[in-house]
Amino acid sequence: MTRFPIARRENLIVEELPGEVLIYDLNTDKAHCLNQTAALIWKNCDGEKTQGDIAALLQHELKTPMSTQVVMLGLEELAGYGLLQEDASAPPATRVSRRRLIQNLGLTTAIALPVIMSITAPAAAGAASDPCIANPRGIGCPCMSDNDCDSFNCNGGVCGPALRPSR
Amino acid sequence: MKTASAKATGALVAAFLAGAWRPKPPAFDLSAADLEKTAPLMLSRGAGALGWWRVRESGLQSCSAAEELHQAYRLYTLDSRLNQSRIGKVFALLRLVGIEPILIKGWAAARYYPEQGLRPYGDIDICVRRDDYHNAACALASLDPLRFRVDLHSGFAKFGLRQEEDLYARSELVTLGETDVRILGAEDHLRVVSYHLMREGAWRPLWLADVAAALESCPRNFDWNYCLGERRQARPVVTAISLAHLLLGAKIERIPEAERFSKNPRWLVPTVLNEWGAPTPSMHSRQAVPMLQHLRHHGDLLNGLRHRWPNPIEATTTMNGPFNELPRLPFQIGNSLFRVATFLTHLPKAWNKPPSNLPGKAKR
């Protein structure tokens with residue numbers, strides 16, 4: 001992990017909510033939710049602060065003892081979700097074990113550990129823009145013609161995945 | 001689910017959503033079991049975020065059903081941000097070819113909520129003057145259909161409104177990000193969300209919340225005479241307002257002659273609750289499978305017809321009927337005949353269309 005981490009800012013839609021930050025990655029079309037700690041780490045990855053600087057900032061903001069290991073864990077997570085700029089010259093990161101960190105730091109700090117989760121449509125929430133009601137429709141929805149489908153591929157009455165253009 | 005049970009569940013959904021569109025909704029007083037039961041229905045009807053707004057300050061906020069609603073809230077919040085930039089691009093594109101569109105439903109309804117993510121919308125509903133429709137459709141064809149789901153409407157007749165120029169004259173420009181978008185005036189907006197709710201058989205509680213939110217945000221100078229003026233046209237609007245008051249507790253004190261919104265035919269509320277409490281709303285089943293597909297698979301024809309039987313609210317609205325105690329059957333038959341006729345008119349073209357494609361065929 002690079003000594004002066006830099007957060008990725010391009011092609012992201014960022015929405016700050018109380019206690020968390022939502023990020024939509026336009027490159028991958030994936031949505032993530034950063035808890036307060038992960039969000040603070042991400043926001044402070046400006047290429048000028050070291051992991052130690054960020055840990056000190058976290059400690060000040062969250063009023064909880066923070067070690068650089070917590071920051072390393074956060075950076076590892078952020079990198080895993082593609083929210084940090086890649087640094088090819090950086091040495092490979094030493095994996096930080098969340099479980100070991102909790103054992104070392106105790107439960108009080110554990111509550112403040114950085115967490116990033118993917119936001120997926122809950123079981124039925126997709127129905128708000130139901131792929132089978134929307135026009136064009138999503139994969140697996142019934143269709144009559146190619147134009148009915150998102151993928152322009154109506155296959156045997158069901159929308160299939162998009163096909164490559166013929167050459 | 002039996003009808004009585006569906007109605008009881010629908011009543012729970014109504015209790016869940018009562019006042020949910022307000023910045024400070026009333027305290028959540030359903031039990032954990034009720035929350036577990038209704039959360040999937042809220043999610044399937046696009047009201048998950050609104051459900052979270054209601055439950056977020058209660059003792060049940062951390063249970064698994066509430067967490068599902070919370071996820072919907074997060075998702076719709078991001079969706080709303082994405083859609084806002086898309087709306088700006090659609091307006092810019094149409095203005096480039098000299099067309100001034102009016103945005104309806106979707107964001108136009110969401111702006112009456114405390115946060116726009118509370119009111120999700122899958123597509124961008126745009127109305128243009130009938131004369132501009134063809135050019136607008138051509139201009140929008142350049143957009144990526146996977147990212148821009150634009151539902152372009154020719155005029156406003158589909159929403160029970162007719163006088164285009166009056167609607168434009170009463171419309172207003174509001175700021176959305178870096179763009180000024182045109183929306184209907186407050187009176188016409190209330191008419192559109194009400195008519196849309198009723199024409200679709202009121203199967204989505206979110207649409208009734210739209211009516212409630214618009215109603216409670218009416219400006220001081222709201223012209224009730226214009227909004228409810230023409231009696232026949234105003235029937236669905238009056239009924240929708242009445243439903244918002246009876247089921248969701250929308251405040252109607254500021255409306256002149258408010259007492260008229262407390263009277264309703266006996267069949268009205270049960271019809272709505274039945275839709276809200278059913279595992280699959282009637283309209284959902286209808287839209288999921290096109291009739292032509294039922295027709296091609298003969299054994300399934302009966303099923304297709306069953307799903308297309310309109311509920312009393314849809315039938316009455318589309319047939320311009322009065323919402324009274326008389327039986328709804330004539331309107332339901334009328335609505336069905338009208339739709340059958342429309343279907344048959346388009347059938348030869350659709351039937352003769354060559355099969356879409358064979359498996360594995362590469363195209364485009």
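The values are calculated or read from the model by the stated rules, or taken from the named source; none is laboratory data. No experiment lies behind these values; they were computed from the predicted model shown. All Cβ positions, even for glycine, are placed from backbone atoms using ideal geometry, and neighbour counts span all protein chains on display.
Only one of the numbered conditions (1) closer than 17 Å to A:Ile119 by Cβ; (2) modelled with pLDDT under 90 is violated by A:Arg95, and that is (1). Of the residues examined, B:His70 is not one that is free of Cβ contacts under 8 Å to residues at least 12 places away in the same chain and in a helix (DSSP H, G or I). Among the residues in the range B:155-165, are any crowded, with 19+ Cβ neighbours inside 10 Å and of a type in the set (D, E, K, R)? No, that holds for no residue. Scanning the range B:275-318 for residues that are away from chain A (no Cβ under 14 Å), within 26 Å of B:Asn264 (Cβ to Cβ) and surrounded by fewer than 18 Cβ atoms within 10 Å (Cβ to Cβ) gives a single hit, B:Trp309. Taking the conditions (1) more than 28 Å from B:Gly277 (Cβ to Cβ); (2) crowded, with 20+ Cβ neighbours inside 10 Å; (3) touching a residue at least 40 places away in the same chain (Cβ under 8 Å); (4) not aromatic (Phe, Trp, Tyr) in turn, B:Gly185 satisfies each one other than (3).
In the range B:192-225, which residues are among the charged types (D, E, K, R), at pLDDT 95 or above and surrounded by 19 or more Cβ atoms within 10 Å (Cβ to Cβ)? Matches in the range B:192-225: B:Asp210 only. Output the residues belonging to the range B:122-143 that are part of a loop (DSSP other than H, G, I, E, B) and either within 13 Å of B:Arg81 (Cα to Cα) or β-branched (Val, Ile, Thr) (or both). Within the range B:122-143, just B:Gly122 meets the criteria. So is B:Val192 in contact with a strand residue (DSSP E or B) (Cβ under 6 Å, 6 or more places away or on another chain) and closer than 18 Å to B:Tyr113 by Cα or not? In short, yes.
Looking only at residues of the range B:69-87 that are of a type outside the set (A, V, I, L, M) and more than 30 Å from B:Ala32 (Cβ to Cβ), we find that the one that is nearest to the other protein chains (Cβ to nearest Cβ) is B:Arg81. Evaluated against (1) buried (at least 19 other Cβ atoms within 10 Å of the Cβ); (2) under 22 Å from B:Asp123 (Cα atoms); (3) not basic (Lys, Arg), B:Gly177 falls short on exactly one condition, (1). Filtering the range B:197-215 to residues that are within 14 Å of chain A (Cβ to nearest Cβ) and not acidic (Asp, Glu) leaves B:Gly201, B:Trp203, B:Arg204, B:Pro205, B:Leu206, B:Trp207, B:Ala209. Kindly indicate whether B:Ala169 is free of Cβ contacts under 8 Å to residues at least 60 places away in the same chain and farther than 30 Å from B:Leu273 by Cα. Judged against the criteria, B:Ala169 is a match. Scanning the range B:88-121 for residues that are within 14 Å of chain A (Cβ to nearest Cβ), part of a helix (DSSP H, G or I) and in contact (Cβ under 8 Å) with a residue 60 or more places away in the chain yields B:Gly88, B:Trp107, B:Ala109, B:Gly117, B:Leu118. Restricting the range B:122-151 to residues that are within 13 Å of another protein chain (Cβ to nearest Cβ), in contact (Cβ under 8 Å) with a residue 40 or more places away in the chain and not basic (Lys, Arg), the residue that is nearest to B:Ser44 (Cα to Cα) is B:Ile124.
Yes or no, residue by residue, for (1) outside any helix (DSSP H, G or I); (2) farther than 30 Å from B:Lys349 by Cβ; (3) modelled with pLDDT under 85; (4) touching a strand residue (DSSP E or B) at 6+ places or on another chain (Cβ under 7 Å):
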{"site": "B:Pro236", "(1), (2), (3), (4)": "no, yes, no, no"}
{"site": "B:Leu243", "(1), (2), (3), (4)": "no, yes, no, no"}
{"site": "B:Glu253", "(1), (2), (3), (4)": "yes, yes, no, no"}
{"site": "B:Arg260", "(1), (2), (3), (4)": "no, yes, yes, no"}
{"site": "B:Asn264", "(1), (2), (3), (4)": "yes, yes, no, no"}
{"site": "B:Asn274", "(1), (2), (3), (4)": "no, yes, no, no"}
{"site": "B:Arg286", "(1), (2), (3), (4)": "no, no, yes, no"}
{"site": "B:His294", "(1), (2), (3), (4)": "no, no, yes, no"}
{"site": "B:Leu301", "(1), (2), (3), (4)": "no, no, yes, no"}
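Taken over the range B:30-63, the criterion of being touching a residue at least 12 places away in the same chain (Cβ under 8 Å) and more than 22 Å from the chain's Cα centre (by Cα) is satisfied by B:Leu30, B:Ala32, B:Asp34, B:Leu35, B:Glu36, B:Lys37, B:Val55, B:Arg56, B:Glu57, B:Ser58, B:Leu60, B:Cys63. For beta carbons closer than 7 Å, sequence separation of 6+ or different chains, a first residue in the range A:21-40 that is more than 17 Å from A:Val115 (Cβ to Cβ) and a second that is in a strand (DSSP E or B) and β-branched (Val, Ile, Thr), the qualifying pairs are A:Tyr24/A:Ile13; A:Leu26/A:Ile13.
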